[in-house]
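Here is the structure we will look at.
The values are calculated or read from the model by the stated rules, or taken from the named source; none is laboratory data. Here the structure is a predicted model, which means the values were calculated and not measured. Heads up: the accessible areas ignore ligands, DNA and RNA and are worked out on the full protein's heavy atoms, side chains in. Shrake-Rupley method; radii C 1.70, N 1.55, O 1.52, S 1.80 Å.
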Amino acid sequence: MPKLKTHKGAVKRFRSTANGKFKRGHSHCRHLLTKKSPKRRRHLDLDTYVSPADEPTVRRMLPYGNR
């Protein structure tokens, strides 16, 4: 069976955890930040987990994990 290719866009966006889940960052925190409240900016800075519905897709894009 041939080697599987890793989706390079997914490598830049997702990281796998030790338990096999995937973490991701939030959007809307690159520019136009002056109109956003400090609380909103602070919460956008925190990572979160990929939703269970999207996890199979991410797992397919990262066949070898991404550590």
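For residues that are of a type in the set (A, V, I, L, M, F, W, C) and in a loop (DSSP other than H, G, I, E, B), scanning just the range 33-66, find the one that is most open to solvent (accessible area, probe 1.4 Å).
The initial filter retains those residues of the range 33-66 that are of a type in the set (A, V, I, L, M, F, W, C), namely 33, 44, 46, 50, 53, 58, 61-62.
Retained after the next criterion (residues that are in a loop (DSSP other than H, G, I, E, B)): 33, 46, 50, 53, 62.
Details: L33: 54, L46: 100, V50: 13, A53: 85, L62: 4 Å².
Among those that are of a type in the set (A, V, I, L, M, F, W, C) and in a loop (DSSP other than H, G, I, E, B), it is L46.
Filtering the range 15-32 down to residues that are of a type in the set (A, V, I, L, M, F, W, C) and in a loop (DSSP other than H, G, I, E, B), which residue is nearest to N66 (Cα to Cα)?
A18
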